[in-house]
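This report refers to the structure that appears directly beneath it.
The values are calculated or read from the model by the stated rules, or taken from the named source; none is laboratory data. Values in this document were obtained by computation on a predicted structure and should not be read as measured data. For neighbour counting, all protein chains shown are included, and Cβ atoms are generated from backbone atoms with ideal geometry for every residue, glycine included.
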Amino acid sequence: MRKLKFMAMLAIAAALVMGCAAPAKGGTVNATLTEMKIALDKTSLPAGPITFVVKNSGTMEHELVVIQTDLAENKLAPDVEEPGKVDETGNVGETGEVKVGESKTFTITIPAGHYVIMCNEVGHYAAGMHLTFTVN
Ligand SMILES: [Cu+2]
């Protein structure tokens, strides 16, 4: 009897722990792309599902790429196969091309760390479309 009560309590405790085991956190980042700038409404968020809402308010096609890297935002290596672009090693998510006036949204669950957010249309990274983003 005593053992049964213990088992019941154990089951309740396990249920409580499992219910709390997956803290969502994360959040939403609103990004606006123009020539030649990326504007973010926040540059850090807690780890968890992060939704990027990306609007192209410029006059040409842009994109938004999230790179996990220890490199500084302006130190990504050139892409040897595509001149004018940078190497996307560490790419954890991106919009693909966003046409003028369009918005695209994507959600990624990324661990704490240092990220670079950039546009990899030819020449845009070099022209200044890059920022540091931190996940805590
Ligand atoms: Cu661009």
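Among the residues of region 108-120, how many are out of contact with any Ser or Thr (no Cβ under 9 Å at 6 or more places or on another chain), in a strand (DSSP E or B) and within 12 Å of residue 65 (Cα to Cα)?
1
Taking the condition of being surrounded by fewer than 18 Cβ atoms within 10 Å (Cβ to Cβ) and either at pLDDT below 95 or under 22 Å from residue 124 (Cβ atoms) (or both), how many residues in region 20-31 meet it?
Number satisfying all stated conditions: 7.
Residues are listed down the side, and each one gets a yes or a no for (1) within 14 Å of the ligand (Cβ to nearest atom); (2) in contact (Cβ under 8 Å) with a residue 24 or more places away in the chain; (3) part of a strand (DSSP E or B):
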{"residue": "73", "(1), (2), (3)": "no, yes, no"}
{"residue": "81", "(1), (2), (3)": "no, no, no"}
{"residue": "84", "(1), (2), (3)": "yes, yes, no"}
{"residue": "106", "(1), (2), (3)": "no, yes, yes"}
{"residue": "122", "(1), (2), (3)": "yes, yes, no"}
{"residue": "133", "(1), (2), (3)": "no, yes, yes"}
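Which of the residues spanning region 36-68 are surrounded by fewer than 14 Cβ atoms within 10 Å (Cβ to Cβ) and near the ligand (Cβ under 9 Å from one of its atoms)?
Result: 60, single match.
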